[in-house]
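> Dumping the structure here so I can ask a few things about it.
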Amino acid sequence: MTATTADVVFDAFEPENHADPYPVYRRMREAGAVVPYLLGDVPVMVIPRYEECAQVLTGAEWGHGYSAGISPFRDTIAAIPGSFVRMDPPEHGRLRGLVNKAFTPRAVASMVPVANRVVDELVDAAVKRGSLDVMDELAVPLAVAMIPGRLLGADVADAERFRRWQLAIARGSDPDALLDEAAIAERGAAARECMGYFAELIARKRVEPGDDLLSELVRVEQEGDMLSEPEVLGLCVLLLVAGMETSINLIGNGMLALLRNPGQLALLRERPELIAPSLDEMLRYDAPTQFTIRVALVDTTVGGHEFRRGDGVMVLTASASRDERVYPDADVFDVTRYAGTRPARRHLGFSLGVHYCVGAPLARIEAEAAFRTLLERAPELRMAADGVEYRPSLIHRGIVSLPVSLA
Ligand code: HEM
């Protein structure tokens, strides 16, 4: 089977499927374990089912292949120095290890009161107004406070710029073949401005370090040859984009699922102990990150298809998380799914293997604080708009706004 003789057409990225790609994903899973797709002029295979996605994400035969010079993808996230999300071991481990320091159990525990305080203030103000845009007035300011604010030690007064930059760079993290010229130009401008901003912040942290991850990275860079300055800068951009866009969209997509399934919303109110496990169901049901890419590092077979070294695949994790072979009633949003004595199979919302999301604990803290406080303080929560509009990104799935009324 080759990309040009495909008997099934992968059209999840067509605009008419953007609001609801899940029926297309289902057709892909029914069509086969691997489905050919032409990404611009690069023939790739799409992997829509759970078992094969997990096999690719955890297998040492698969990686990114940029350092080996074999990647068929044109993808600028890989060009950012320090961008370990697109690196293979052993390079990957050095940078991930440094960032991991920000996520030790003690460091993570210290973030909980910060997130709770920020959410309290935001929800207080919303309750007084009687209305809330879950995106711009809760999820975005919370992510700004936790990621550029807490993790990178930047000034949250620059919130508008962080959001603008991260949106343009997140949009630009789709493979280049899926982007138009304007999106590519906006990504470039945002990356330049963002790099300039963080270069200044790094200079300030050298003289006035704080108790943030960026100060720690600057210290490591100054003390030896573990980390270069361009890498510190690249890590700021990576954390800003990987952390903000995704954690914002978990709150948006999760809240939308609750509002569209009032029985599930009522259940969470009655049994708040379900809030933490319900986050996994939100990540399974409507994932903020829809897919990732990988490259065969050696000749290998997946789903009966023989891949040659250097072949690229799109690992369609959001489809795998709806695979009916693994999840009974996979299209049903069920907040108890991960709460039972035999919880459901791990979803792929945070990926698997060496690239498993390093910021997952922080994402959980943000979302748990947001849902817990909102459910406690807004007993009449309901949607205040007829429909929702999705942002154009394909890797990232997120809505533009989600107005709710609280009274
Ligand atoms: C709900 C929120 C989040 C989701 C859905 C999410 C999703 C993901 C996924 C799917 C990957 C793996 C990509 C791959 O396998 O190619 C990943 C990696 C990563 N995430 Fe997250 N993420 C979230 C929150 C965060 C936060 C809050 C941060 C940091 C502040 C963060 C930082 C990273 C980084 C640095 C990586 C690269 C890890 C590596 O390559 O070893 N993420 N994330």
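The values are calculated or read from the model by the stated rules, or taken from the named source; none is laboratory data. The shown structure was predicted, so the numbers you read here are calculated from the model rather than taken from an experiment. So basically every Cβ, Gly included, is an ideal-geometry build from the backbone, and we count neighbours across all protein chains shown.
> Just to verify a result, which residue in the range 183-210, among those that are outside any helix (DSSP H, G or I) and free of Cβ contacts under 8 Å to residues at least 40 places away in the same chain, is farthest from residue 149 (Cα to Cα)? So that I can check it myself, show each step before the final result.
As a first pass, look at the range 183-210 and keep what is outside any helix (DSSP H, G or I): 208-210.
Subsequent filtering for residues that are free of Cβ contacts under 8 Å to residues at least 40 places away in the same chain retains 208-209.
Working: 208: 16, 209: 14 Å.
It comes out as 208.
> What's the total number of residues in the range 17-63 that are within 19 Å of the chain's Cα centre (by Cα) and farther than 20 Å from residue 397 by Cβ?
4
> Continuing with this model, one more query. Somewhere in the range 383-398, is a residue charged (D, E, K, R), buried (at least 18 other Cβ atoms within 10 Å of the Cβ), under 20 Å from residue 149 (Cβ atoms) and modelled with pLDDT of 95 or more?
No.
> Let me ask something additional. Which condition does residue 146 not pass, out of (1) touching an Asp or Glu at 6+ places or on another chain (Cβ under 7 Å); (2) surrounded by fewer than 24 Cβ atoms within 10 Å (Cβ to Cβ), if it passes all the others?
Just one mismatch for residue 146, condition (2).
> If I ask for residues that are buried (at least 21 other Cβ atoms within 10 Å of the Cβ), assigned to a loop (DSSP other than H, G, I, E, B) and away from the ligand (no atom under 15 Å from the Cβ), which ones from the range 34-91 would you list?
Matches in the range 34-91: 34, 48, 49.
> Can you find a residue that is farther than 28 Å from residue 44 by Cα and at pLDDT 90 or above anywhere in the range 71-91?
Initial filter on the range 71-91 (farther than 28 Å from residue 44 by Cα): none.
Looking through the range 71-91, none of the residues is farther than 28 Å from residue 44 by Cα and at pLDDT 90 or above.
> Given the options 363, 344, name the one that is part of a helix (DSSP H, G or I) and surrounded by 18 or more Cβ atoms within 10 Å (Cβ to Cβ). Spell out the reasoning first.
Working: 344 fails: part of a helix (DSSP H, G or I).
363 is the lone residue from the list that is part of a helix (DSSP H, G or I) and surrounded by 18 or more Cβ atoms within 10 Å (Cβ to Cβ).
> List every residue pair whose Cβ atoms sit under 7 Å apart, with the two residues 6 or more apart in sequence or on different chains, where the first one lies in the range 43-54 and is over 15 Å from residue 26 (Cα atoms) and the second, anywhere, is modelled with pLDDT under 95 and polar (S, T, N, Q).
Partner pairs satisfying both residue conditions: 43/2.
Okay, residues lined up against (1) within 16 Å of the ligand (Cβ to nearest atom); (2) hydrophobic (A, V, I, L, M, F, W, C); (3) within 22 Å of residue 99 (Cβ to Cβ); (4) surrounded by 21 or more Cβ atoms within 10 Å (Cβ to Cβ):
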{"site": "156", "(1), (2), (3), (4)": "yes, yes, yes, no"}
{"site": "162", "(1), (2), (3), (4)": "yes, yes, yes, yes"}
{"site": "183", "(1), (2), (3), (4)": "no, yes, no, no"}
{"site": "186", "(1), (2), (3), (4)": "no, no, no, no"}
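> Residue 368 fails exactly one of the following numbered conditions: (1) of a type outside the set (A, V, I, L, M, F, W, C); (2) buried (at least 21 other Cβ atoms within 10 Å of the Cβ); (3) over 18 Å from residue 19 (Cα atoms). What is the number of that condition?
(2)
Residue-wise test of (1) more than 13 Å from the ligand (Cβ to nearest atom); (2) among the hydrophobic types (A, V, I, L, M, F, W, C); (3) on the phi < 0 side of the Ramachandran plot; (4) surrounded by fewer than 22 Cβ atoms within 10 Å (Cβ to Cβ).
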{"site": "310", "(1), (2), (3), (4)": "yes, no, no, yes"}
{"site": "314", "(1), (2), (3), (4)": "no, yes, yes, no"}
{"site": "335", "(1), (2), (3), (4)": "yes, yes, yes, no"}
{"site": "338", "(1), (2), (3), (4)": "yes, no, yes, yes"}
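> State yes or no: is residue 207 surrounded by 22 or more Cβ atoms within 10 Å (Cβ to Cβ) and more than 19 Å from residue 165 (Cβ to Cβ)?
Details: surrounded by 22 or more Cβ atoms within 10 Å (Cβ to Cβ): no; more than 19 Å from residue 165 (Cβ to Cβ): yes.
No; evaluated as a whole, the condition is false for this residue.
> Given the residues 179, 214, 167, which is the only one that is crowded, with 17+ Cβ neighbours inside 10 Å, more than 30 Å from residue 369 (Cα to Cα) and aliphatic (A, V, I, L, M)?
Working: 214 fails: more than 30 Å from residue 369 (Cα to Cα); 167 fails: more than 30 Å from residue 369 (Cα to Cα).
So the residue among 179, 214, 167 that is crowded, with 17+ Cβ neighbours inside 10 Å, more than 30 Å from residue 369 (Cα to Cα) and aliphatic (A, V, I, L, M) is 179.
> When the range 286-306 is examined, which residues are found to be away from the ligand (no atom under 16 Å from the Cβ), of a type outside the set (Val, Ile, Thr) and part of a strand (DSSP E or B)?
305, 306
> Ok, one more. What are the residues in the range 212-258 that are within 16 Å of the ligand (Cβ to nearest atom), in a loop (DSSP other than H, G, I, E, B) and either modelled with pLDDT of 95 or more or farther than 30 Å from residue 282 by Cβ (or both), if any?
227
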